[in-house]
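Novice: The structure that follows is given in the form of structure tokens.
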């Protein structure tokens, strides 16, 4: 006969109390993280209003598109914008008033990257599209970049770069040359914003929600970031650190979701890549 060891009631009680304690600690930390993120966004809203971000964004876009080759196939642009529109519709309640999110494909098959600039313009390189295997993988990247816009990470990063006082001077019109110079610096660096780890996790979190609401299988985020982590793509890693670790974190979050979409668009994306010569 097999004997079963029974855990003493006192030990079980301690274990339960410890479990409750850890749950409470996690809840407090999560609440603090959310509060900090929201406070940072509120600060950005006050110091650098959307109207000024849009002005800078227009200058940055002109310079970026002068120095990079925008893809000339209108059908490819329309295809990516159509995918992006689904993400934007899913994020509509989070988009700051006055921000218009747009998507532009850059014709550079050797660069695997995507980035958002002030004002909500999002650029995605053909090198990234070549590396992706499904619409869901691309949607994961687009969702992440849209989240950088909705969470005003761009404005928050600018606060860190130049400081609140100087940014207020620029936004108030007292230092227009400074604003133009900053816009030039932003454009010169291209995908300039090396966000904090908190920003990246925040964008991952909201981006996952957006792609799910848009009808895409969130596993696309996991597979693409894991793929890039395994392949060690330098230009992507420079602005999207630790993709493999973030893929694991996303996988854990997906396990907590219920009724996630199954659509990956793998066959559709393969056909489109052939059509556009990617």
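Novice: On the given criteria, is residue 216 modelled with pLDDT of 65 or more, under 17 Å from the mean Cα position of the chain (by Cα), outside any helix (DSSP H, G or I) and crowded, with 22+ Cβ neighbours inside 10 Å?
Specialist: For residue 216, the condition - modelled with pLDDT of 65 or more, under 17 Å from the mean Cα position of the chain (by Cα), outside any helix (DSSP H, G or I) and crowded, with 22+ Cβ neighbours inside 10 Å - is met.
Novice: Look through 267, 188 and report the one residue that is at pLDDT 60 or above, exposed (fewer than 14 other Cβ atoms within 10 Å of the Cβ) and more than 21 Å from residue 146 (Cα to Cα).
Specialist: None of the other options fit; the residue is 267.
Novice: Residue 128 fails exactly one of the following numbered conditions: (1) within 18 Å of residue 214 (Cα to Cα); (2) in a helix (DSSP H, G or I); (3) in contact with a strand residue (DSSP E or B) (Cβ under 7 Å, 6 or more places away or on another chain). What is the number of that condition?
Specialist: In the conditions (1) within 18 Å of residue 214 (Cα to Cα); (2) in a helix (DSSP H, G or I); (3) in contact with a strand residue (DSSP E or B) (Cβ under 7 Å, 6 or more places away or on another chain), residue 128 misses (1) alone.
Novice: Let me ask you something else. When you scan the stretch 221-251, how many residues do you find that are more than 25 Å from residue 86 (Cβ to Cβ) and modelled with pLDDT of 75 or more?
Specialist: First, pick out the residues of the stretch 221-251 that are more than 25 Å from residue 86 (Cβ to Cβ): 229-235, 237-238, 241-242, 244-245, 248.
With the extra rule that they be modelled with pLDDT of 75 or more, the set shrinks to 229, 242, 244-245, 248.
Summing the residues that are more than 25 Å from residue 86 (Cβ to Cβ) and modelled with pLDDT of 75 or more in the stretch 221-251 gives 5.
Novice: Further question: Look through the stretch 86-101, keep the residues that are free of Cβ contacts under 8 Å to residues at least 60 places away in the same chain and surrounded by 15 or more Cβ atoms within 10 Å (Cβ to Cβ), and return whichever of them is farthest from residue 200 (Cα to Cα). Don't jump to the end; show me each part of the working.
Specialist: Within the stretch 86-101, the subset free of Cβ contacts under 8 Å to residues at least 60 places away in the same chain is 88, 92-93, 95-101.
Checking which are surrounded by 15 or more Cβ atoms within 10 Å (Cβ to Cβ) leaves us with 88, 95-96, 99, 101.
Numbers: 88: 19, 95: 18, 96: 19, 99: 20, 101: 19 Å.
Among those residues, the one meeting the criterion is 99.
The values are calculated or read from the model by the stated rules, or taken from the named source; none is laboratory data. Nothing here was measured: the structure is a model prediction, and the numbers come from that model. A quick note on method: Cβ atoms are made from the backbone with ideal geometry, for glycine too, and the neighbour counts reach across all protein chains shown.
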